[in-house]
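Values quoted throughout were computed directly from the atomic coordinates according to the rules given, and no laboratory measurement underlies them. Keep in mind it's a predicted model, so treat the numbers as computed, not measured. Here the Cβ positions follow ideal geometry from the backbone for every residue, glycine too, while neighbour counts run over all protein chains shown.
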Amino acid sequence: MKNKYPILVFALIALAFVHSTQAGVFDANKKVANEVAIIHETNGIDALAFSPDGSLLVVAKYFYTHSAQVWDWRHSSRVGSEFKHRDLSPQNADALQFSTDGREAVWCGYIAAVWRINDGVETFRHKEKTGENNCEAVTYTPKGDTLVMSQSSHTSRVHTLATYDTRTWQLAWKLETSNFFSSAFSLSFDGRFVAIGGKLYSDEKNNLGALIFTQRILIFDLLERRQVRDIPIFSSELDPLRADIAALAWGADGRFLAVGFRGVPNDGADAIRILDAATGGTLSREPGPRGTHVRGIRFTSDGKYLIVAGIGKSVKIWDGQHIKLLQEIPAEAASIAVSQDGHYLALGGGAFGLGNITRLLGLLAPSKGKAIIYQLK
């Protein structure tokens, strides 16, 4: 009996080592992200994006005000007037972006609108019939001559990937996928490939009479204008307890695709997966507690970091291979943004969730918001 205790202690130590290796280790005294600025807003920030040179930050508030504001974040000063429209309301962190020259910004929802940041004048508005082709994500390609939109119609049950010529704002081309409802979007760094996650419904029903669907990631080649890959993730028939795809991010070299989930069904289930973009095979996983909702995933353009918001009420910064956890920031961010050069990280959300506010004030003024900007080493 005496020999069992050393063996048990050794086993527990070994188990702890394995767990820490899987979860990653970091030195809390060696930060890779250091806070450099804070922006305070009247309402919680639901989406944000850096300008191409990283000097400006556009933030969107979906509730109460349905407005977007551009900031010179280094000087905590507003740039131009606040842009408002009641039809810019779906809560989507991928629906806000700067143009490649930094002079305009685009925001989409029930409509898509482009406005000049210096005076707030609209230069383009895209609007479908009510309930048709609501814009769920939008971005410019690297050259700036094309605007890419991910749209869904719940009336006709069709997803549309559409591109527009930014000089004429004419529709260039579109691809439609029947019975597909998107929930996540990402454009590769080179601007060639789009990954869209969502649910693809079949015509078959389960025992309860509900349509059977699979959660999938569809990959499109913008140069060849066609779908090139279909990666199945979950099936409602085979995985009754499943999470939903909530966020996507391409790796810097286009070989990896990170997937974040919401509604994690139980403790220890996948919160994120890193996939081989060519085969769809899983390269690594990270678990999360029950109910986890990943709010954002970003790789830096140099491939140095992978940043994940929403696991365990924190923002985690990993190395670009998702092997070593470098830093964990305690913050409930609603969205994240990374500058194009990979030097800055912005977290947006409610003031209370991002800290630096007393609990009492958080209860009295829950709609207050802010963005915190970090410099990445």
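Nearest 20 debye, what's the magnitude of the dipole of segment 34-177 about its Cα centre given +1 on Lys and Arg Cβ and -1 on Asp and Glu Cβ?
260 debye
Which three extents, in whole angstrom, do the alpha-carbon atoms of segment 219-362 cover along their principal axes, largest first?
53, 40, 29
Kindly rank 314-320, 30-36 from highest to lowest mean number of other beta carbons found within 10 Å of each residue.
Ranking, from highest mean packing down: 314-320, 30-36.
Using mean Cβ contacts within 10 Å as the protection proxy, how do 266-274, 104-112 order, highest first?
104-112, 266-274
Working out 0.36 nm times the residue gap between Arg255 and Lys143, then minus their Cα-Cα distance, what length gain in nm do you get to one decimal?
Full extension from Arg255 to Lys143 adds 38.2 nm.
With a Förster radius of 25 Å, plug the Cβ-Cβ distance of Glu204 and Lys174 into 1/(1 + (r/R0)^6) and report the FRET value to the nearest 0.05.
Computed FRET efficiency for Glu204 and Lys174 comes out at 0.35.
What does the charge count near Arg262 come to, summing +1 for each Lys or Arg and -1 for each Asp or Glu among other residues with Cβ under 9 Å from its Cβ?
0
Excluding same-chain residues fewer than 8 positions from Lys368, which aspartates and glutamates have a Cα within less than 18 Å of its Cα?
Glu41, Asp46, Glu82, Glu332
Between Lys324 and Val36, what is the label-point separation in nm under the 7 Å Cα-to-beta-carbon projection?
With each label point 7 Å from Cα toward Cβ, the separation is 2.3 nm.
Local charge sum around Lys304 (other residues, Cβ-Cβ under 10 Å, Lys/Arg +1, Asp/Glu -1)?
Local charge sum for Lys304: -1.
Per the Cauchy relation, a quarter of the hull surface: what is the mean projected area of the convex hull of the alpha carbons in segment 103-183, in nm²?
In nm², the orientation-averaged hull projection of segment 103-183 is 5.4.
Set the bar at 18 Å for Cα to Cα. Now go through Lys127/Lys199; Lys61/Lys199; Lys61/Lys313; Lys324/Lys370; Lys31/Lys316; Lys61/Lys370 and name every pair that lies beyond it.
As for pairs spanning more than 18 Å Cα to Cα, those are Lys127/Lys199; Lys61/Lys199; Lys61/Lys313; Lys324/Lys370.
Express in nm, to one decimal, how much length is gained between Asp230 and Ser81 on full extension, taking 0.36 nm for each residue of separation and deducting their alpha carbon distance.
Once the chain is fully extended between Asp230 and Ser81, it gains 49.4 nm.
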